[in-house]
Amino acid sequence: MFSRYILFLIFIFRIIPLYAQDSTALPGQLPAKWDLQACLDYAKANNITLNSFRLNRLSTEQDLVLSRSAVLPNLSASVSPTLTHSNATDNNTGNLRSGTRLSGSTSVNSAVTLYNGGFLRNDILQKDLLVKVAGLDLAAAENDITLQITEAYLNILLAKENIVYVQDVVATSQAQVQQQQEFYDVGSVALKDLIQLQAQLANDKYTLVTAQNQHRNFVLVLKQLLQLPTETSFAIVEPDTLMGYALLTPLLDAQKTALSVRPEVKSSELGVQVAELDVRKARAGYLPALTAGAGLGTNYTGVDNNTFLKQADNNFYQQVGLTLSVPIFSRRVNRVNEEKAKIGVEQAELTLQNTRLNLTQAIERAYIDVLNAQGQYDAAVEQLRFTQESYRIANEQLKIGAANTVEVLQQKNLYVQAMQAYIQAKYSAALYVRIYDFYRGVPVKL
């Protein structure tokens, strides 16, 4: 029994590390490998620009609190003690006598605005809209960083696949050089043919180094988009499959949907309403304002300490009043404020028009990009199939001496070009179809 227990413990301790090596990170920890969703979640939570937008939204929420509080009555208290030193002539003796006297007043006052032409009500409505605008601006910024991260992520996948294919090309070139070296050693081929293959091998190795450098650069781009520290190790998860084709929504339908859901459009629409409220607030300057006030207070003169309470009681007063302020001539201040507010409405409408125009043009460009990329992908698949077979045949002929080196290198160059075109078209199609769908509000997934 004891030996079985020991074996059971050994089994458990061997299993636990397998789960510990999972790429899923614990809360507060960075993942060992990043998939696209992990990149997006991390950026949305930690990006400096996005956090700045969040702070701006919090600031507008405080502005709203202050605006709502403006309709409440205020309350203030004041105490003003005064100590007076003076010289006076004694009426009985005729001598000068110096002394001090304590006096002062105490009051409590409150005031509330009863009517001001709707300024406070419109200000509350405006501040509430500005809170919503700040939230929409944050959502628009999140959309921008989402597209940037998606493109960078797919570029890394492209570069990794390119490295794999170039490594295969280098391996083939090495095999060709080794075979031709053996033929040359026995006098079956000329030195010129061997030198040509060796030059091609050197060129392929250079291409491999270039592909590896490109992969490192793409990794750096994504890492910097995530704003990770320099010392942070970084690797991404490669999906099993990459969907590059999708049933495209008609362009006009996609544009209509985007105009109704995209945060930048909603933000611009609310911007027009904010500007219109500025006009209402400016017009409030033409109307009278009515304020109610109330106060309690007392004052005293310190002749004898025993009379302080009596003086405070005798001098205690209460007051309630109304103040009506009627604007008659403001030296055109109100008129200018109204005209500038109207100009602000026109500017907001132009901003909305420009936002809608830019969005529809971006969607149209994305639609054309998808069509172009899918067409290039279809052509690249066919081109790769034939050039790959042609290169395979030329390679076999080289082995038996039925083809010369020049013919093999020509077929190889065609195959390399076809492979590069295929990989580029594959990832371009995958990227553009996701961008097009993202404009319609479809979350990005690989």
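Indicate the gyration tensor shape class of the range 100-156 (rounded, prolate or oblate), computed on the Cα atoms with a ≥ b ≥ c the square roots of the eigenvalues: a/c under 1.5 is rounded; otherwise a/b larger than b/c is prolate and the rest oblate.
Oblate shape, in that a/c is at least 1.5 and b/c is the bigger or equal ratio.
Could you work out how much longer the chain between Ala199 and Tyr286 gets when fully extended? Use 0.36 nm per residue separation minus the Cα distance between them, nm to one decimal.
So the chain would gain 22.6 nm between Ala199 and Tyr286.
May I ask for the angle, rounded to the nearest 10°, between helix 263-283 and the longest principal axis of the chain, with both axes built from Cα atoms and the value confined to 0 to 90°?
20
Multiplying the sequence separation of Asp63 and Gln227 by 0.36 nm and subtracting their Cα-Cα distance, what value in nm do you get?
55.9 nm
What 222 nm value per residue comes from the helices of the chain, counting each DSSP H run with n ≥ 4 as -39,500 (n - 2.57) and dividing by all residues, nearest 500 deg cm²/dmol?
The helix-only estimate for the chain comes to -24000 deg cm²/dmol at 222 nm.
I'd like to check one number: the per residue accessible area of the range 291-398, probe 1.4 Å, reported in Å² as a whole number.
On a per-residue basis, the range 291-398 sits at 70 Å².
Decide, for the range 50-177, between rounded, prolate and oblate: order the square roots of the alpha carbon gyration tensor eigenvalues as a ≥ b ≥ c, take rounded if a/c falls under 1.5, and otherwise choose prolate if a/b is larger than b/c, else oblate.
Judged from the Cα gyration tensor, the range 50-177 comes out oblate (a/c at least 1.5, b/c at or above a/b).
Report Lys340's accessible area, 1.4 Å probe, all protein chains in place, as a number in Å² to the nearest 10.
We get 130 Å² for Lys340.
At 0.36 nm per residue, and after removing the present C-alpha to C-alpha distance, how many nm does the segment from Ser76 to Ser325 gain when stretched out fully?
Here the answer is 87.4 nm.
Quick check for you: with a 1.4 Å probe and neighbouring chains kept, what is the accessible area per residue of the range 160-274, in Å²?
57
Got a number for carbon plus sulfur as a percent of the chain's accessible area, 1.4 Å probe?
Whole-percent figure for carbon plus sulfur exposure: 56.
State whether the range 199-258 is rounded, prolate or oblate according to the following rule on the C-alpha gyration tensor (a ≥ b ≥ c being the square roots of its eigenvalues): a/c under 1.5 gives rounded; otherwise a/b larger than b/c gives prolate, and the remaining case gives oblate.
Cα axes put the range 199-258 in the oblate bin.
The values are calculated or read from the model by the stated rules, or taken from the named source; none is laboratory data. It should be emphasised that the depicted structure is a prediction, and the values quoted were computed from it without experimental measurement. Ligands, DNA and RNA are excluded from the accessible area calculation, which covers all protein heavy atoms including side chains. Shrake-Rupley method; radii C 1.70, N 1.55, O 1.52, S 1.80 Å.
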